[in-house]
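The values are calculated or read from the model by the stated rules, or taken from the named source; none is laboratory data. From a predicted model like this one, the values you see are computed outputs, not experimental measurements. Here the Cβ positions follow ideal geometry from the backbone for every residue, glycine too, while neighbour counts run over all protein chains shown. Areas reflect the complete protein model, heavy atoms only, side chains present, ligands, DNA and RNA absent. Shrake-Rupley method; radii C 1.70, N 1.55, O 1.52, S 1.80 Å.
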Amino acid sequence: MPSSHWWRTAAIYEIYVRSFADGNGDGEGDLIGLRERLPYLRELGVDAIWLTPFYRSPMVDGGYDVADYRDVDPLFGTLADFDAMLAAAHALDIRVIVDIVPNHTSSQHAWFAEALAAGPGSLARDRYIFRPSSSPGEPPNDWESIFGGRAWTRTPDGEWYLHLFDPGQPDLNWDNADVRAEFESVLRFWLDRGVDGFRVDVAHGMVKAAGLPSVGHPQQIGLLGREPLPYFDQDGVHEIYRAWRKILDSYPGDRMAVAEAWASTPLRLARYVAPDELHQAFNFDFLAAPWSAAELRSTIDACVEAADSVGAPTTWVLSNHDKARHVTRFGSPEIARAAALLMLALPGAAYLYQGEELGLPEVLDLPDDARQDPVWHRSGGTDPGRDGCRVPLPWTAGEPAYGFSTTGRSWLPQPDWSSFAASAQQDVPSSFHSLYREALRLRRTFTGPLTWQESPADVLDFMRGGVRCVVNLSGAAVPLPLGSVVLASGDLPDGTLPPDTAVWLH
Ligand code: GLC
């Protein structure tokens with residue numbers, strides 16, 4: 001495979017393994033199912049896939065609670081299935097990025113069992129963050145769990161342990177040498193197997209402010225929040241990535257890592273992608289930006305500038321497994337199509353989430369008893385959580401479970417998705433799938449930075465190399481600029497660009 005910084009311009013497709021394709025009929029996506037669907041991804045035209053955690057896990061948080069970092073959970077298959085999937089992906093020229101979850105383990109990890117058994121003051125407890133009560137019966141400080149409720153759970157001997165997420169996800173103590181050594185070894189384990197990179201979960205979380213100071217107010221942060229807090233984005237975390245970068249660089253073949261870091265500003269985020277740290281960071285400012293020309297333009301400029309300041313590529317993302325799908329967020333499939341052409345014309349790497357190429361909406365009406373996300377349970381059912389973007393993919397119209405599993409089973413119920421199924425969209429020129437496929441193909445020819453063009457109010461207009469991308473966010477049609485149309489997100493009647501439509505021109 002060619003290997004000159006492939007990640008700088010790659011289109012990387014996120015696979016939520018449990019919901020992608022089920023190869024053994026149990027209603028849960030797995031590595032065999034994924035391997036069988038790789039030709040679909042080749043044909044779609046992605047450069048790489050990122051797999052959400054498939055490691056041994058009690059699945060309290062969809063696998064982001066890892067009990068064994070060096071093994072595959074039986075739900076998803078075996079290490080041999082992983083190796084076969086990786087070889088098949090590489091044979092199709094698709095790179096593979098795996099998730100690494102270093103902020104916390106599962107409470108069923110061997111280390112945590114050891115820590116509970118060993119008691120206060122033990123070396124085993126020092127691998128996690130155990131503390132006594134601040135005053136009788138009170139937790140050590142006021143930190144809250146991102147999933148709701150307090151971030152501390154009391155053990156039978158009276159000490160509390162910290163969990164910024166679910167109680168089933170105790171936070172590790174990154175001042176402990178065992179913890180550092182263990183994750184360096186885990187990185188090597190997967191690099192030795194041949195993975196092309198890592199997506200670093202909660203990359204801003206591992207180092208906490210000295211003394212664990214209270215925040216001073218409730219409702220501290222939600223998923224992907226950006227508020228400065230004593231448990232997130234502490235300077236000490238960068239030392240970890242400098243050590244990891246040396247490991248990545250010691251392997252042949254241009255391995256990389258992308259940070260899931262929630263930082264308060266683009267410049268704080270850029271620190272994670274300094275030349276001696278990680279290669280990329282997700283751009284959640286872009287995901288969070290409303291459908292407004294002014295807001296999108298200032299977000300794009302700020303992100304490009306921040307990434308340029310450290311020589312890193314920008315990244316773009318509209319959807320992932322933690323946020324409502326953007327068709328539903330924007331409230332319109334037309335906007336979602338236009339947003340896709342905007343994103344795929346920008347310089348840098350683009351992250352796609354499985355099913356966005358089918359235009360899938362968020363599933364809003366899952367039955368309560370089907371919901372599995374701890375966000376739903378810990379908020380007492382006031383926050384629907386993230387199950388609605390994790391519903392298994394529809395592959396084939398007319399088949400049970402739309403071809404997701406061979407038996408028609410599906411771990412979350414699917415709505416009527418006949419018209420969304422891949423089979424109903426492939427080779428239909430007006431479909432979402434055709435738009436993405438064409439855009440991904442053309443995108444390979446785009447090079448260089450972007451240059452904004454003079455444009456009417458609420459219209460985004462920029463050149464990149466020989467291509468011009470124009471997006472109309474105003475409420476009215478505007479004249480189509482001169483040039484030959486390469487691709488458009490919707491119809492272009494009478495030489496105009498209608499509202500909520502994007503076009504690529506030569
Ligand atoms: C990240 C993951 C999310 C998970 C959390 C805790 O934000 O994307 O799904 O719940 O980390 O590991």
State the antiparallel share, in %, of DSSP beta bridges confined to the chain, rounding to the nearest 5.
55 percent
Built amide H within the under 5 Å cut-off of Asp171, gap 5+
Ile129, Leu162, His163, Leu164
Other-chain or far-sequence residues with amide H under 5 Å of Thr501's (modelled H):
Asn472
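Quick one: if the Förster radius is 56 Å, what FRET efficiency do Ala209 and Ala91 give, using the C-beta to C-beta distance and rounding to 0.05?
My answer for the efficiency is 0.75.
Just to confirm, what accessible area per residue do you get for the stretch 279-379 at 1.4 Å probe, in whole Å²?
Details: 3020 Å² over 101 residues.
Value returned for the stretch 279-379: 30 Å² of accessible area per residue.
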Dimensions of the chain along principal axes (Cα, Å, largest first)?
75, 50, 48
With +1 on each Lys and Arg Cβ and -1 on each Asp and Glu Cβ, how big is the dipole of the chain about its Cα centre, in debye rounded to the nearest 20?
780 debye
Euclidean distance between Cα centres, the stretch 63-87 to the stretch 335-410, Å
22 Å
Karplus-derived 3J(HN,Hα) from phi for the stretch 360-366 (6.51 cos²θ - 1.76 cosθ + 1.60, θ = phi - 60°), whole Hz, x at Gly and Pro, runs 4, x, 5, 8, 9, 10, 5
At Asp192 and Thr496, where each label point lies 7 Å from the Cα along Cα→Cβ, what is the point-to-point distance in nanometres?
6.5 nm
Restricting to DSSP loop positions (anything but H, G, I, E, B) with no more than 12 other Cβ atoms inside 10 Å of their own Cβ, which trypsin sites (Lys or Arg not before Pro) remain in the stretch 373-443?
none
How far, in nm, would the chain grow between Asp365 and Asp383 when pulled straight, counting 0.36 nm per residue and subtracting the alpha carbon separation?
5.2 nm
What are the GluC sites (Glu not before Pro) within the stretch 121-187 that DSSP puts in a loop, where the Cβ has at most 12 other Cβ atoms within 10 Å?
none
How high is the relative contact order of the chain, given as a whole-number percent (alpha carbon pairs under 8 Å, six or more residues apart)?
14 percent
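Order 487-494, 364-371 from most to least packed using the mean count of other Cβ atoms within 10 Å.
487-494, 364-371
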Give me Rg/Rg_expected for the stretch 110-162, where Rg uses Cα atoms only and Rg_expected = 2.2 N^0.38 Å with N residues.
1.11
Give me the number: length gained by fully extending Thr445 to His217, i.e. 0.36 nm times residue separation minus the C-alpha to C-alpha distance, one decimal in nm.
77.1 nm
